[in-house]
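A short write-up of the structure that comes next.
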Amino acid sequence: SSSRQIAWKTGTSFGFRDAWAVGLTPEYVVAVWVGNASGEGRPGIVGGTAAGPILFELFNLLPATSRLQIPYDDLIEQETCSQSGERASSFCPNPVVTLIPNTVKKTFACPYHKLIHLSSDGLYRTSI
């Protein structure tokens, strides 16, 4: 049992070869696998009783207030299309500023918002 709220799931593979548990909080993701490296089954090995207790024990060992620090020195601001998530073009409505890694050399502009020329009655697409 853990003192923090954890979203978790356990599982057992066919033939009792693998027992696993995965849990997450806003700060951490923890996965536990229990089994034989040879793949040989072990009757009675079940995720909830074999891997689950280990999962909660690991969460109890982790610092409770250790939120990950955002590495601002390694990030740059970029206008992003609020609908596609791609780099905003001049045609994107309501772009938002997003932090991206400064190591990203080139990102693609939003392919969905484009300037399209229409006939004066608005019925036909034209080229200029």
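Structural remarks
- Gln78 vs. criteria modelled with pLDDT of 90 or more and part of a loop (DSSP other than H, G, I, E, B): no
- Test: residue in segment 60-83 that is small (Gly, Ala, Ser) and either in contact with a Cys (Cβ under 8 Å, 6 or more places away or on another chain) or under 30 Å from Leu115 (Cβ atoms) (or both): yes
- Pairs meeting the criteria (first residue in segment 23-40 and among the polar types (S, T, N, Q), second residue surrounded by 13 or more Cβ atoms within 10 Å (Cβ to Cβ), beta carbons under 7 Å, at least 6 apart or on different chains) are Thr25/Arg4; Thr25/Ile6; Asn36/Arg42.
- Residue that is nearest to the chain's Cα centre (by Cα), among those in segment 6-22 that are part of a strand (DSSP E or B) and among the β-branched types (Val, Ile, Thr): Val22
- All positions within segment 23-70 that are assigned to a loop (DSSP other than H, G, I, E, B) and under 18 Å from Gly11 (Cα atoms): Asn36, Ala37, Gly39, Glu40, Gly41, Arg42, Pro43, Gly44, Ile45, Val46
- The numbered conditions (1) part of a loop (DSSP other than H, G, I, E, B); (2) within 21 Å of the chain's Cα centre (by Cα); (3) farther than 28 Å from Ala7 by Cβ; (4) not hydroxyl-bearing (Ser, Thr, Tyr) are all true for Asn94 except (2).
- Some residue of segment 104-119 being surrounded by 14 or more Cβ atoms within 10 Å (Cβ to Cβ), modelled with pLDDT of 90 or more and not in a loop (DSSP other than H, G, I, E, B): yes
- Yes/no for Glu86 being surrounded by fewer than 16 Cβ atoms within 10 Å (Cβ to Cβ) and either at pLDDT 90 or above or assigned by TED's automatic domain parsing to the domain that holds Leu99 (or both): no
- Selection count, segment 51-102, where residues are closer than 30 Å to Asn36 by Cα and among the aliphatic types (A, V, I, L, M): 6
The values are calculated or read from the model by the stated rules, or taken from the named source; none is laboratory data. If you're wondering where the values come from, they're calculated on a predicted model, not measured in any experiment. Cβ sites come from the backbone with ideal geometry, for glycine too, and all protein chains shown count toward neighbours.
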